[in-house]
Amino acid sequence: MTAVGADQRQQLAYVATQAADARLNVEIETEGMTLNIGPQHPATHGTLRLVARLDGEQVVEAEPIMGYMHRGYEKLAEVRTYPQVTTLINRIDWLGSFANEVPFILAAEKLMEVEAPPRAQWIRTVLFELSRIANITLFLGDMAVQLGALTPVFMAFRDREFVLNQIEAATGGRFHPNFDRIGGLKDDLPKGWIDDTKQVMEKMRDFCDEFEELVLGNEIFEARTRGIGIVPADVGLSYGLSGANIRASGVDWDLRRDGHEALAYDQVDWKVWTHPDGDSFARYWVRLQETREATHIVDQLLDGLPSGPIMAKVPRIIKVPAGEAYAATENPLGEMGYYVVSKGDLVPFRVKIRSASFSNISITPWLLKGVYVPDIITILASLYFILGDIDR
Amino acid sequence: MTQLSLTDTDTSAEAEPQPDERREAWAARLADSLGDGYAEHHIIGGSDLWVRVARDSWTDAATAARDLLGCQFFDWLSAIDWLPSPFGRDMDAQEDNPEPKAADPMEQGHAGGETRFQMVMRLYSITEHMGLTIKADLPDGDLSIDTLIGVYPGADWHEREAWEMFGIHFNNHPDLRNIYLPGEFEGNPLRKDFPLLARRVKPWPGIVDVELFPGEEDS
């Protein structure tokens, strides 16, 4: 055994640090890898397939592949009469079905120059907001579960049920109400519904408060969402991002306030929430505030519900005069619109469905460039899409 | 919160003339900027604006709408096939490609048009809270038009959809392939002469002629 002298030891230590530095400085070269997520994958909630080319942990290129659930509603609508089309479009955004029906009916009403009576407009708006609450509630739980927190999703499912019960009590359908008619609504509200709904709104406000602490106040959640997937406002707009996604980028635009459709939003006092950051955290935050705001809208609408008929005078056999109309509303996922071309027949000549998720998700190839693999999930979850709304 | 009574609602439709002037102004500015490429426009009071441009001015129109009118928001893009459906209402066609019925003339919608296929895009200004629909005719022999990706990157997927559904080619589109349909799919489903195949297999009883009540008149 040879003793190591002091200067020798120093020399060895120097060599060791040099080697360690060299290891750190060397670019670790990896072969490119293609990661296929989906079509059936828990993180894609629906059959959205994502093909990502990776360099190590970083995404070089990501491409969503859809069409696994394409049902051809635009073609099918051409052979359905106007009242039958609502059955189809219920199934576009299946978590907030009633909200799908409204813009189509509004477009048809524009062509027919019919306006629903005030009571129908108010009840429409109430049910519209209930759909929004039911839809966004699930998002609030779902995004948390994708980031690894299981509890919120159970709470979301539990509390969403109260809202669905109210929708069912009024319309007869939990998921597919098919309740909106050209010129008004199918039925009036059942007895006692208004008080029950107000109680549910109270519960939903508690739910929002709870989530604000449980999820938004969670350190891990913040660490995984802050600064992840930042969408600048101008890029978002050029990709057609709408709804909470673009409001989370600081764009103060909400079709409920800024649109000119015949709904009762201008009769109540409410606020459009925006967030300047444009990251995943902001998108969650905006949606949470919107859910709470929606409960206030519902409360006010129910307080001021006008009396009167719920159907305007429309012929029993609906023939829509020739023309073209576009109507769009602020759906839970963003702007949903229908471009209806009529030739004066029982069936529409052409229906173009502008669904929010299709445009919202079209930004992903741009947004996912250069992010790390776990952030793919965060970004997809925070952009929030419903497959039926992409594939139509 | 304002309470609404039945008498309040009828006033809502009154403040309409002003937006019309704004739409007229939009149309005039587009016409100025496009010159010969501008065909015509159609305005529905307080509701909507349609503009038809020449095919060569398609991207110029989008650029002008974005830069001059402030339409930053790309809403959607699609096409319309104006051919009257050769299958009629029931779609239970027995033959593959029947000739269009001579009795049904082809009629284009707002802002006119001359050809069977028309491109449609919708743009929106989030500051003015006003949208416009721009159309362009595509000659039958040459179904192609310039891509809008350079102006609005969001047009990418919409153009892929229009390509597979209508068979319209987008010049300079980097990645024109199927978005919804499987790769080996033949035909363009949203064309009017493409039969709804499900109806061939099983006629659907959904379209029923409602019988009139005694004394009721057909509207």
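Structure notes:
- Across region A:31-130, Cα-Cα pairs more than 20 Å apart make up 58 percent of the total.
- Chain A: angle of helix A:151-171 to the longest principal axis, Cα-based, in degrees nearest 10: 10
- Region A:144-239 - convex hull of the alpha-carbon atoms, volume per residue in Å³: 164
- Reachable aspartates and glutamates from A:Lys203, criterion Cα separation under 18 angstrom, eight or more residues apart if same chain: A:Glu129, A:Asp159, A:Glu161, A:Glu168, A:Asp195, A:Glu212, A:Glu213, A:Glu290, A:Glu293, A:Asp299, A:Asp303
- Too-long pairs where the Cα-Cα distance tops 22 Å, listed order kept, from A:Lys110/A:Lys352; A:Lys186/A:Lys343; A:Lys110/A:Lys319; A:Lys198/A:Lys313; A:Lys319/A:Lys352: A:Lys186/A:Lys343; A:Lys198/A:Lys313
- Partner chain coverage, peptide A:294-304 - average Cβ within 10 angstrom: 1
- Net dipole in debye of region A:334-375 [+1 Lys, Arg Cβ; -1 Asp, Glu Cβ; about Cα centre; nearest 20]: 200
- Taking the Cα atoms of region A:305-346, the ratio Rg/Rh between the radius of gyration and the Kirkwood radius comes to 1.10.
- Placing pseudo-labels 7 Å out from each Cα toward the beta carbon at A:Gln10 and B:Phe213 gives an inter-label distance of 10.8 nm.
- Treating each Cα of region A:62-391 as one equal point scatterer and applying the Debye formula with no solvent, the log10 of I(q)/I(0) at q = 0.07, 0.11, 0.14, 0.15 Å⁻¹ comes out as -0.27, -0.67, -1.09, -1.24.
- Remark on region A:72-197: ratio of C-alpha radius of gyration to 2.2 N^0.38 Å is 1.15.
- Using the Cβ-Cβ distance between B:Asp32 and A:Lys313 with R0 set to 51 Å, the FRET efficiency from 1/(1 + (r/R0)^6) comes to roughly 0.70.
- Toward the positive end of the charge dipole of region A:62-391, with +1 on the Cβ of Lys and Arg and -1 on the Cβ of Asp and Glu, the farthest Cα among A:Ile133, A:Ile105, A:Asn331 is that of A:Ile105.
- Shielding score for A:75-82, defined as the mean number of other chain Cβ atoms within 10 Å: 5
- With neighbours defined as other Cβ atoms within 10 Å of a residue's Cβ, the residues A:Lys203, A:Lys191 order from fewest to most as A:Lys191, A:Lys203.
- Using all pairs of distinct alpha-carbon atoms, the Kirkwood hydrodynamic radius of the protein assembly as shown works out to 25.9 angstrom.
- Nearest-ten-degree value, helix A:373-383 long axis tilted from longest Cα axis of chain A: 20
- Of the GluC sites (Glu not before Pro) found in region B:149-184, those in coil by DSSP whose Cβ has at most 16 other Cβ atoms within 10 Å are B:Glu184.
- The peptide list A:109-118, A:287-296, B:137-146, put in order of mean Cβ contacts within 10 Å with the highest first, becomes A:287-296, A:109-118, B:137-146.
- Lys, Arg +1 and Asp, Glu -1 on Cβ, resulting dipole of region A:62-391 about Cα centre, debye, nearest 20: 1140
- Efficiency of FRET between A:Glu222 and B:Asp142 - r from beta-carbon atoms, R0 41 angstrom, step 0.05: 0.15
- Across region A:62-391, the relative contact order, built from alpha-carbon pairs under 8 Å that are at least six residues apart, equals 29 percent.
- D_trans [Stokes-Einstein, Kirkwood Rh over alpha-carbon pairs] for region A:225-381, 10 °C, 1.306 mPa s, µm² s⁻¹: 89
- Other protein chain Cβ atoms within 10 Å, averaged over every residue that makes up B:117-123: 2
- Ordered by the count of other Cβ atoms within 10 Å of each Cβ, fewest first, A:Tyr384, A:Tyr14, A:Tyr326 give A:Tyr14, A:Tyr326, A:Tyr384.
Every read-out reported here was derived from the displayed coordinates using simple, explicitly stated rules and does not represent laboratory data. All figures in this text were calculated on a predicted structure; none of them were measured in a lab. Neighbour counts run over all protein chains shown; Cβ positions are idealised from the backbone, glycine included.
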